[in-house]
Each structure stands twice: as C-alpha cells, then as structure tokens.
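These notes concern the structure reproduced below.
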C-alpha cells in the first residue's frame with residue numbers, strides 16, 4: 001500500500017502541490033518529499049518505490065541520507081545564479097537516470113519538493129503545475 005504523510009515541513013501548501021503534480025503527471029509519481037535545509041517529510045511514496053526497501057524504517061533512512069546532501073542543492077542554486085547573472089533564480093533541477101528522473105523544485109530559497117518520476121515523463125508541465133498552485137497562495 002502506498003505511503004503518505006500530511007505536510008509538516010514547508011511554509012507553502014505542499015498538499016495542494018501534491019494534487020497538482022498528480023494531475024500533471026502522465027506516468028508514475030514514484031515519490032514526493034517536501035524539504036527545507038533542516039528536515040524532510042515524505043508526502044507520498046508509491047508501491048513500486050516502496051518495493052525497493054525492506055521496510056519503512058530503511059526507506060526513511062535512505063531518504064535521510066539523500067537529505068544529508070541538500071546543502072549541495074542550495075550551493076548549486078547560488079553557483080548557477082552567479083554564473084548566469086541574467087537569471088534571477090534557479091527554479092528546478094533534474095537528474096536524468098536510466099530508471100527515473102529525480103526532480104528538485106525550489107519553491108523558495110531554502111524550501112522545495114523532491115520527486116521521482118518516470119524517465120520519459122515531461123518535467124516542465126509538472127514544474128508549471130507546482131508554480132501555479134504555489135503562486136495562488
């Protein structure tokens with residue numbers, strides 16, 4: 001059975017963003033995690049992603065390991081805006097892998113959503129759905 005939690009970390013309406021993502025995704029939303037510099041909270045993990053772990057505790061330990069590198073995201077945001085001064089901000093980053101895409105959407109300077117999507121899922125419509133939802137707040 002899929003795993004889900006209510007939003008508990010970020011200042012924006014992550015649950016509304018989750019619904020917008022589900023509406024925008026054609027394939028699978030494997031996992032969705034809200035995070036800030038200090039903590040993370042899995043909002044949704046589907047059955048296929050859960051199958052990679054022996055139990056919920058191991059899944060959360062893996063997510064904690066991923067979150068331990070969040071400082072790299074924030075450093076990259078600063079790096080890219082320094083390297084490309086015509087851009088005011090970094091909105092999202094995608095890591096394309098053979099099995100899936102990892103997408104980090106930055107809602108504010110130090111808050112965001114991390115998700116795993118099918119490798120062939122168009123990312124821009126998902127990001128736009130999140131932006132539309134968050135901008136309505």
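Being outside any strand (DSSP E or B), out of contact with any strand residue (DSSP E or B) (no Cβ under 7 Å at 6 or more places or on another chain), free of Cβ contacts under 8 Å to residues at least 60 places away in the same chain and farther than 26 Å from residue 133 by Cα is a description that applies to residue 98.
Within region 23-38, the set of residues being surrounded by fewer than 16 Cβ atoms within 10 Å (Cβ to Cβ) and at pLDDT 95 or above comprises just one member, 23.
Which of the residues spanning region 102-118 are at pLDDT 95 or above and either surrounded by fewer than 20 Cβ atoms within 10 Å (Cβ to Cβ) or over 11 Å from the mean Cα position of the chain (by Cα) (or both)? Residues satisfying the conditions are 102, 118. If the condition is being in contact with a helix residue (DSSP H, G or I) (Cβ under 7 Å, 6 or more places away or on another chain), assigned to a loop (DSSP other than H, G, I, E, B) and more than 21 Å from residue 108 (Cα to Cα), then region 2-15 contributes only 2.
On the given criteria, is residue 123 within 13 Å of residue 17 (Cβ to Cβ) and in contact with a strand residue (DSSP E or B) (Cβ under 6 Å, 6 or more places away or on another chain)? Criteria not met by residue 123. Looking at 73, 47, 82, just one residue is surrounded by fewer than 12 Cβ atoms within 10 Å (Cβ to Cβ), under 21 Å from residue 18 (Cβ atoms) and at pLDDT below 95, and that residue is 47.
The values are calculated or read from the model by the stated rules, or taken from the named source; none is laboratory data. Since this is a predicted model, take the numbers as computed values, not measurements. Using ideal geometry, Cβ is built from the backbone for each residue, glycine included, and neighbour counts are taken over all protein chains shown.
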